[in-house]
Each structure stands twice: as C-alpha cells, then as structure tokens.
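Notes for the one structure printed next.
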Amino acid sequence: MSADGSPPEAHPDRLRWNAKYAGGFVPSFVPHPLAVRALAMNLPDGPVADLACGASGSALLAAGRGREVTAVDISEVALGMLADGLIAWEAFTAEATRTRSDLSPDWCLAPGEPASLLPADFAVLDEQDLPNLRRQMVARRQ
Ligand SMILES: C[S@@+](CC[C@H](N)C(=O)[O-])C[C@H]1O[C@@H](n2cnc3c(N)ncnc32)[C@H](O)[C@@H]1O
C-alpha cells in the first residue's frame, strides 16, 4: 500500500487486470444477474458499494435507480471505462425537415453529427442512418 492508500503501481493484480482491460476488452455494461436480483428486492433507500466492480453495469444499474454508488476496483483502466462510459444517441437528420414541416432544423443532426460533437476522448462504436431519416450512434470514452 502506498502512502495515499492506493495499491502500488506494480501490484500484480493491478498489472494483470489493467493489461486485460486495455487489451481490446469491450465492456458490455450488462449488470451482473446477482445485482439485478438484489436491486429488484424491497431494499431500504441508501448507498451501494460495488467492490471489484470492473467495467460491469451493476454500478450503473444502481445509479440509474437513484442510489449513490461507490465503485471500487484495483484497475484504473476499468474505472475509466465505467466513468460516463457510454452514450447512445438517436435523432432526426436535417434531411427529415424536407418531408416534415413540423420539425425544427435546430433539433436535427447536421452531416457528421453527433459524432463531430463528441469530446476527443470518445470513440464511435456504431453509427447508422435509418430509413426513417433518423441517425443512431453509440460511442464510448476511450
Ligand atoms: C472477474 S472481474 C469482475 C468484475 C465485475 N464485478 C463483474 O461482475 O463484471 C474481477 C475484478 O476484480 C478486480 N480486482 C482484482 N484484484 C483486485 C484487488 N486486489 N483489489 C481490487 N480489485 C481487484 C479486477 O480488476 C476485476 O475488475
């Protein structure tokens, strides 16, 4: 343990798991079934701790249910994936205003958007234009 309480950089668990998460690991953010079961129970309000959380969706599920979550893991790579990890976006493209007079251009995506609006540390995982003149994009923080 170092003076600030964090594990040393060369801790074998840290090295092993950082290598795993940094080596092309794509998080699904699917919560662990046990977390799904536990959070479906009639629990009292209160904070939740997810220990050895990895990049799992359990912490996100609890946060989405309005709980304060403390997620702990030895791998800062995993924690980086978990922090604001994923954005999924669907909106009309500007082309849709040609056929829909009720649609304000301000609500529509210009060419290249929304990918061009992402912060530099986000990577687009998937993007597609749908037949109904909407565009979908999924991106995640690197
Ligand atoms: C099998 S993964 C489980 C991840 C997550 N709980 C899930 O259900 O998807 C094990 C996790 O334990 C973490 N871990 C391993 N050794 C650790 C240690 N000594 N202290 C804290 N976390 C550790 C790893 O970084 C990894 O994210």
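Please specify each residue of the stretch 2-36 satisfying the condition of being of a type in the set (Phe, Trp, Tyr) and out of contact with any Ser or Thr (no Cβ under 6 Å at 6 or more places or on another chain). Of everything in the stretch 2-36, those that are of a type in the set (Phe, Trp, Tyr) and out of contact with any Ser or Thr (no Cβ under 6 Å at 6 or more places or on another chain) turn out to be PHE25, PHE29.
For LEU34, the conditions (1) farther than 29 Å from GLU9 by Cα; (2) open to solvent by less than 40 Å² (accessible area, probe 1.4 Å) are fulfilled apart from (2).
Against the test of being within 13 Å of the ligand (Cβ to nearest atom) and within 17 Å of the chain's Cα centre (by Cα), the options PRO7, PRO27 yield a single qualifying residue, PRO27. PHE92 fulfils the conditions (1) over 19 Å from the mean Cα position of the chain (by Cα); (2) aromatic (Phe, Trp, Tyr); (3) closer than 30 Å to GLU9 by Cβ except for a single criterion, (3).
Scanning the stretch 51-62 for residues that are open to solvent by less than 50 Å² (accessible area, probe 1.4 Å) and either more than 7 Å from the ligand (Cβ to nearest atom) or under 12 Å from the mean Cα position of the chain (by Cα) (or both) yields a count of 7.
All conditions but one from (1) farther than 28 Å from GLY5 by Cα; (2) open to solvent by 50 Å² or more (accessible area, probe 1.4 Å); (3) at pLDDT below 95 apply to LEU79; the one that does not is (1).
The values are calculated or read from the model by the stated rules, or taken from the named source; none is laboratory data. In this text the structure is predicted, and so the values were computed from the model without any measurement. Counting neighbours? That spans all protein chains shown, and the Cβs are built from the backbone with ideal geometry, glycine included. We work out accessible area using only protein heavy atoms, side chains counted, and drop any ligands, DNA or RNA first. Shrake-Rupley method; radii C 1.70, N 1.55, O 1.52, S 1.80 Å.
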